[in-house]
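Visitor: Mind looking over this structure? Questions follow.
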Amino acid sequence: MRALLMAGFLLCNPITIGVIGGVKWSRDYNASLATAYAERNFRSECPAYKQASTWDRWTNSRYTTISWCRDYLDRL
C-alpha cells in the first residue's frame, strides 16, 4: 500500500509531469526537425542512396547516415 501511495505521488507530482512533458516535447520537436530536413534535402541526397548497392548501404557510413532516404525513393 505504501509503495502504491508513493507511486501515485510520484506520478501526480507537478515536477515529474513537467519533466515527462518536456521530454515528450523535445522528442516531438526533434522528429519534426528531422522530417523538415528530409523534405528539404531528399532531392539532392537520395539519388546517391538509390544508386548505391545493398553492400554499400550496409557498410559505407555515408549511406548509413542517410538511410532515411528509403522513405523517399518513390518520390525521385
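Visitor: Does Val19 meet the test of being under 19 Å from the mean Cα position of the chain (by Cα), of a type in the set (Val, Ile, Thr) and assigned to a helix (DSSP H, G or I)?
Guide: Taking the combined requirement at face value, the residue does not satisfy it.
Visitor: Mind listing whichever residues of segment 48-62 are over 20 Å from Thr35 (Cβ atoms), in a helix (DSSP H, G or I) and out of contact with any Ser or Thr (no Cβ under 9 Å at 6 or more places or on another chain)?
Guide: Ala48, Gln51, Thr54, Trp55, Asp56, Thr59, Ser61, Arg62
Visitor: A further question on this structure: Quick one: in segment 15-46, of everything that is within 16 Å of Leu73 (Cβ to Cβ) and small (Gly, Ala, Ser), which residue is surrounded by the most Cβ atoms within 10 Å (Cβ to Cβ)?
Guide: For segment 15-46, the residue satisfying everything is Ala38.
Visitor: Is segment 47-56 home to any residue that is surrounded by 12 or more Cβ atoms within 10 Å (Cβ to Cβ), at pLDDT below 95 and of a type in the set (A, V, I, L, M, F, W, C)?
Guide: yes
Visitor: Condition first: in contact with a helix residue (DSSP H, G or I) (Cβ under 9 Å, 6 or more places away or on another chain) and either assigned to a helix (DSSP H, G or I) or among the small types (Gly, Ala, Ser) (or both). Now tell me which residues in segment 63-76 satisfy that.
Guide: Tyr63, Thr64, Ser67, Trp68, Cys69, Arg70, Asp71, Tyr72, Leu73, Arg75
The values are calculated or read from the model by the stated rules, or taken from the named source; none is laboratory data. Since we're looking at a predicted model, the values are computed, not measured. Here the Cβ is made from the backbone with ideal geometry for all residues, glycine too, and neighbour counts use every protein chain on show.
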